[in-house]
Every structure is written in structure tokens, then in C-alpha cells.
1. Determine whether segment 193-201 contains at least one residue that is crowded, with 17+ Cβ neighbours inside 10 Å, part of a loop (DSSP other than H, G, I, E, B), touching a Leu at 6+ places or on another chain (Cβ under 6 Å) and not aliphatic (A, V, I, L, M).
2. Given the structure, is Val110 touching a Leu at 6+ places or on another chain (Cβ under 7 Å) and either surrounded by 21 or more Cβ atoms within 10 Å (Cβ to Cβ) or of a type in the set (Lys, Arg) (or both)?
3. Please work out which residue is nearest to the ligand (Cβ to nearest atom), limiting yourself to segment 57-89 and to residues that are touching a residue at least 60 places away in the same chain (Cβ under 8 Å) and part of a strand (DSSP E or B).
4. Right, Leu135: aliphatic (A, V, I, L, M), under 30 Å from Lys176 (Cβ atoms) and at pLDDT 95 or above or not?
5. Any chance segment 52-59 includes a residue that's in contact with a Lys or Arg (Cβ under 9 Å, 6 or more places away or on another chain) and under 30 Å from Gly177 (Cβ atoms)?
6. Got a number for residues in segment 124-167 being of a type outside the set (Gly, Ala, Ser), over 21 Å from Ser56 (Cα atoms), more than 16 Å from the ligand (Cβ to nearest atom) and not in a helix (DSSP H, G or I)?
7. Anything in segment 8-50 that is part of a loop (DSSP other than H, G, I, E, B) and either away from the ligand (no atom under 14 Å from the Cβ) or free of Cβ contacts under 8 Å to residues at least 60 places away in the same chain (or both)? List them, or say none.
Amino acid sequence: MTADELKRASAQAAIKYVIETAKPGAIIGVGTGSTANLFIDELAAVKDRYRGAVASSEASRKRLQGHGIAVFDLNDVDDIPIYVDGADEITAKLAMIKGGGGALTREKIVAAVAKTFVCICDQSKLVTTMGKFPLPVEVITMARAYVARELVKLGGQPQLREGFVTDNGNVILDVKGLSIADPVGFETTVNQIVGVVTNGLFARRGADVLFLATAEGVKTVKR
Ligand code: 5RP
């Protein structure tokens, strides 16, 4: 199977789960990235069952609206039963690194509101120890150099994501050279650096369900 076929299989497992568990009329949380895009395309086929979606990025908002799916401002929504998103790395305990697409802050906010976080990805994303994928850190522009120095003290090699500005008007430092033994602790430590908006570790609030696409089929892992 190609990487795209694996991603699609995972997205299809997620839409089946949404249909089985979210009540008709619900608002669905939707993530960002190539796998989330395939989920959006699946959601389009059943869009009449739901009131609409909350998007974790401008790119996903546009894709949802392109399919005629209503997109709500999160401030107008009290209840998101399910949030579906991809990941850059995920462990068997369902902690993740996210933010390869730069949408980590909005993703973390929507994930915080959602009752159930469903992660969709292919088997290449499953790791024992996170950190091979550079950890994205969203930073207020004026704090970029200070935050970079602090990240070096934590053992990382931060690199500015050139030419990239987040949907929130900030920059991203991608931190290489990490081997994250304590994802919850490291997520907290990085978030405490002044000037950090948030970092791409999703360990404090990890996924609840993972649909992991493999050559042998889609495996379901629950927290
Ligand atoms: C975007 C993300 C994505 O979920 C992550 O980068 C995975 O993307 P893809 O499905 O394209 O591999 O966190 O900020």
C-alpha cells in the first residue's frame, strides 16, 4: 500500500468511528495536514448528519468550506464530541509530537475542548521514544532568540522555520536532537519558557483513540 492509501484507510476508520459515536447534529473538531485533509474529504460525504466543524487552521477551514461544511468559531461552541487529527510521531501510550504543519497551537486548543481525540496516521509515525521528528515550538517573534537559547540549555538544537508565520502571527522553532524520555514533564518545561506560545508535545492531553494504518489493516489503540 502507498503512504496515501494508508492515510486514507486511517481517515476512513475515523469517519466510521465518528458516525458510530457522534450524535447527529454534532460539531466535529477537525485537524490539519495531509491525513486530516483526507478525513475532511470523508466528512464531506456525510456532512448532512452534522451541524458543521471547528477547524484547527485556516487551511482546514478553507478545505471544509470548499466542501460546503459550515465552520464555527470555537468561541461559539460549547461541545465538541470528537476531534480528529494526524500526528508527526505517536507512542503506544498515545502521546504525540504535532505541528509539522505549524498548526500546533490551534490543534491543542481544539483538542482541549474535545471530549475524544482521535489520532489518524500510518505506521511510520509510531515510535518508542519521541524526538527524532524535530519538536515544533510556536514562539512570539520578539522572544525568538531568547527561547532558542533556553531550548539549547534543555539539550535541543532549535532552528527557525524559515519563511513561515503561523495562523496566529508567530514563528516556529523546530527543535532537533531531542530524545524525550518524559513527554509530560518536557511539554510542561518547554511551555514555561517565557515567549513560548505552546509546543508540539501532546502528552498532557494525548489521543484517546488511535487508528493506525498498517499493511495488515487499520489497528485500533485506545488509551
Ligand atoms: C499539523 C500537524 C499534523 O497533524 C501533522 O504534521 C501530521 O501531518 P500529516 O498528516 O501531513 O503527516 O500537526 O500541524
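1. Step one: of segment 193-201, the residues crowded, with 17+ Cβ neighbours inside 10 Å are 193, 195-201.
In the following step, the residues that additionally are part of a loop (DSSP other than H, G, I, E, B) were identified as 193, 195, 200.
Narrowing the set further to residues that are touching a Leu at 6+ places or on another chain (Cβ under 6 Å) leaves 200.
Subsequent filtering for residues that are not aliphatic (A, V, I, L, M) retains 200.
Yes, segment 193-201 contains a residue that is crowded, with 17+ Cβ neighbours inside 10 Å, part of a loop (DSSP other than H, G, I, E, B), touching a Leu at 6+ places or on another chain (Cβ under 6 Å) and not aliphatic (A, V, I, L, M).
2. Yes; evaluated as a whole, the condition is true for this residue.
3. Once the filter is applied, the top-ranked residue is Val84.
4. Numbers: aliphatic (A, V, I, L, M): yes; under 30 Å from Lys176 (Cβ atoms): yes; at pLDDT 95 or above: yes.
In short, yes.
5. Yes, that holds for at least one residue.
6. Adding up the residues that qualify gives 8.
7. Taking segment 8-50 and keeping what is part of a loop (DSSP other than H, G, I, E, B), we get 22-26, 31-33, 46, 50.
Across segment 8-50, the qualifying residues are Ala22, Lys23, Pro24, Gly25, Ala26, Val46, Tyr50.
The values are calculated or read from the model by the stated rules, or taken from the named source; none is laboratory data. Because the structure is predicted, anything quoted here is derived from the model rather than measured. Positions of Cβ are backbone-derived with ideal geometry, glycine not excepted, and every protein chain shown enters the neighbour counts.
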